[in-house]
Amino acid sequence: MSLRGDVCVVTGACGFLGKRLVRLLLEEEKMAEIRLLDKHVQPEFLQTLEDCSSNTKLSVFEGDIRDSDFVRQACRGASLVFHIASIIDVNESVEYTEMYGVNVKGTQVLLEACIQENVVSFSTPSTIEVMGPNPRGEPIINGSEDTIYDCALKFSYSKTKKEAEQRTLLAHGEVLQNGGRLATCALRPMYIFGEGCRFLLGHMGDGIRNKNVLFRMSVPEALVNPVYVGNVAVAHLQAARSLKDPQKRNVAGGKFYFISDDTPPVSYSDFNHVVMSPLGFHIQDKLMVPLCLFYVFCFFFEIVCMMLRPFIRIVPPLNRQLLTMLNTPFTFSYQRAKRDLGYNPRYSWEEARKRTTEWLASQLPKERKRIIAK
């Protein structure tokens, strides 16, 4: 079903996924209006959209997702919301109150605004990390929405995203001010890669400083299945179409879906190497120290940081939960999303890898580009 004529709000519109989704909506749907909601909307981003904006009105709403009056104003007259905004943090570098405020309170404020302003559709990306891995590092291979797993979440990020997801799904069927009902859906993408991925950029920077050798932080057998950002945007579009369709609304509404694509399962560290090897990067053959010693090192570092917390806040570059995530086989299927939402990856692995590598090449320092050109 088409979103033609709809007015939609995209929170986090200037983020990694938000930018990709906004462009997709402009290219594929003849919407009446797209409202870009973010703390700051860069004029340069708006300029990049001029070639595909067509007759769709673009409106800018700059403000805080936790501000109920601001959010209600952005939602007034809208028919659907893509709630992309969140704080992503796996190093525990962000204070919990700040993360909870944005990820949980921000979601709740937006849901309440949808009810008050008669917005009928609400979809949001959750994260694979609401599933795990748990601190014991118990693996999941080709999991599904029916997989039973003891999450025992440790990250503040995963805890807040889990609560935000639960609130989203519980809001499905809430009665709107005009008597209609809200339909909600949450998507759980794998690790998202592609043009604009700050994590890949960080790993490449570390590799440059390490004389073009990427650090190995995960063992090769710890397979995961990253997903390309373009395919995640497509999944959100399909979710919105399903929530609008009267026949699919009750099938997809109130449910979560894992979103992956046909990226071959590989460890996090080896994935970095796959997309960066054409740029002249190599990777360490083995972990710098045995995994068990890595855990001991992280444990003592965390204790030291905790003791110093009253005087100075130090964020460990690596913690035990992150180490567990990097070294636990954790893969999931997108077949339920294919069945219920009509989701199919639009970008093949070959195209996604090529686009990502080309973007990384464009971010290289000039002296590195000259070396590659030779």
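Values quoted throughout were computed directly from the atomic coordinates according to the rules given, and no laboratory measurement underlies them. The structure presented is a predicted model; accordingly, all values stated were derived computationally and were not measured. With ideal geometry, Cβ positions are generated from the backbone for all residues, glycine too; neighbour counts draw on all protein chains shown.
What angle, in degrees between 0 and 90 and rounded to the nearest 10, separates the Cα long axis of helix 291-308 from the longest principal axis of the Cα atoms of the chain? For helix 291-308, the angle is close to 70 degrees. The angle separating the long axis of helix 198-209 from the principal Cα axis of greatest extent in the chain is about 20 degrees.
Would you work out the relative contact order for the chain, in percent, from Cα pairs under 8 angstrom that are 6 or more residues apart? Over the chain, the number comes to 18 percent.
Summing Lys and Arg as +1 and Asp and Glu as -1 over all other residues whose Cβ lies under 14 Å from the Cβ of residue 144 gives a net charge of +2. Remark: spin-label model distance residue 335-residue 286 equals 3.9 nm, labels positioned 7 Å along the Cα→Cβ axis.
With an 8 Å cut-off on Cα pairs and a minimum separation of 6 or more residues, tell me the relative contact order of the stretch 123-250 in percent. Each step should come with its number before you reach the end.
On the way: 125 pairs, mean separation 33.7, N = 128.
Once normalised by length, the contact order is 26 percent.
Placing dummy labels 7 Å off each Cα toward the beta-carbon, the span from residue 245 to residue 346 is 1.7 nm. Electrostatic tally near residue 39: other residues with Cβ closer than 12 Å to its Cβ, Lys and Arg +1, Asp and Glu -1, net -3. Comparing 236, 282, 273 in a Gaussian network model of the chain where C-alpha atoms under 10 Å apart are linked, the largest mean-square fluctuation is found at 282.
I'd like to compare 78-86, 135-143, 108-116: which one has the highest average count of other Cβ atoms within 10 Å, and what's the full order after that?
Values: 78-86: 24.6, 135-143: 14.4, 108-116: 20.9.
Most protected by this proxy first, the peptides run 78-86, 108-116, 135-143.
Residues within the reach of a label modelled at residue 91 (point 7 angstrom out along Cα to beta-carbon, backbone nitrogen below 14 Å), restricted to the stretch 323-358, are 323. Remark: the chain carries a charge dipole of roughly 420 debye about the Cα centre, counting +1 on each Lys and Arg Cβ and -1 on each Asp and Glu Cβ. In the stretch 131-274, the DSSP beta bridges split such that about 20 percent are antiparallel, to the nearest 5. Cut-off 10 angstrom, C-alpha nodes, Gaussian network model of the chain. Which of 50, 145, 117 fluctuates the most? So, out of 50, 145, 117, the one fluctuating most is 50. Full extension of the segment from residue 46 to residue 303, taken as 0.36 nm per residue of separation minus the current Cα-Cα distance, would add 87.9 nm. Around the amide H of residue 85, modelled in the peptide plane, lie the amide H atoms of 11, 12, all under 5 Å away and 5 or more residues distant in sequence or on another chain.
Which entries in the list 248/338; 19/105; 162/248; 30/105; 211/286 go over 21 Å, if you measure between the two C-alpha atoms of each? Checking Cα-Cα distances, 19/105; 162/248; 30/105 exceed 21 Å. A simple spin-label model places the labels of residue 73 and residue 4 3.4 nm from each other, with each point 7 Å out along Cα-to-Cβ. So for the chain: antiparallel DSSP bridges make up what percent, rounded to the nearest 5? Beta bridges within the chain, antiparallel portion: roughly 5 percent.
Springs join every pair of Cα atoms under 10 Å in this Gaussian network model of the chain, and among 88, 65, 259 the largest mean-square fluctuation is at 88.
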